[in-house]
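Worksheet for the structure shown next.
The values are calculated or read from the model by the stated rules, or taken from the named source; none is laboratory data. Just so it is clear, the model here is predicted, and its values are computed rather than measured. All Cβ positions, glycine included, derive from the backbone under ideal geometry; neighbour counts span all protein chains shown. These area figures cover heavy atoms from the full protein model, side chains too; ligands, DNA and RNA do not enter into them. Shrake-Rupley method; radii C 1.70, N 1.55, O 1.52, S 1.80 Å.
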Amino acid sequence: MFVRIVKMSFHEEKIPDFLENFESVKEKIRNADGNRFLELYQDKNDKCIFFTYSYWETEQDLENYRNSELFNNVWDFTKKLFNAKPEAWSVDKLVSLN
């Protein structure tokens, strides 16, 4: 399992559009094959910056999602709202404390 972190920055006036769309698709994204966890964060200092944080079973699961109709629809809508190029990282979790 690995963690995918995506940083997105939106035009301020487009944030409600993003949040409304995310609300409508979050369960579908979370239920994609291989997805085990999904969270959305908003930066405390810059309300235009958001992060998604998700756990994926395998890299192939993430690639299958990224090649799905669901992802294409979500991304086509979301990318029109950006005010900067998104950034993404796939990372291995080394330590986790509860």
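Taking the chain, how many lysine pairs are there with alpha carbons less than 14 Å apart, if each pair must be eight or more places apart or span two chains?
Pairs that pass both the separation and distance tests number 7.
Can you work out the FRET efficiency for the pair residue 80 and residue 42, with r the C-beta to C-beta distance and R0 = 25 Å, to the nearest 0.05?
0.85
Using a Förster distance of 30 Å, how high is the FRET efficiency between residue 13 and residue 95, based on the Cβ-Cβ distance and rounded to 0.05?
0.15
At 1.4 Å probe size, with every protein chain present, just tell me what the per residue accessible area of the chain comes to in Å².
Computed with neighbouring chains in place, this is 69 Å² per residue.
Which three semi-axes in whole Å describe the equivalent ellipsoid of the chain, each the square root of 5 times a Cα gyration tensor eigenvalue, listed largest first?
The equivalent ellipsoid of the chain has semi-axes of 22, 17, 12 Å.
Per-residue ellipticity at 222 nm for the chain, helices alone: DSSP H runs ≥ 4 residues times -39500 (n - 2.57), over residue total, nearest 500 deg cm²/dmol?
Rounded to the nearest 500, it is -10500 deg cm²/dmol.
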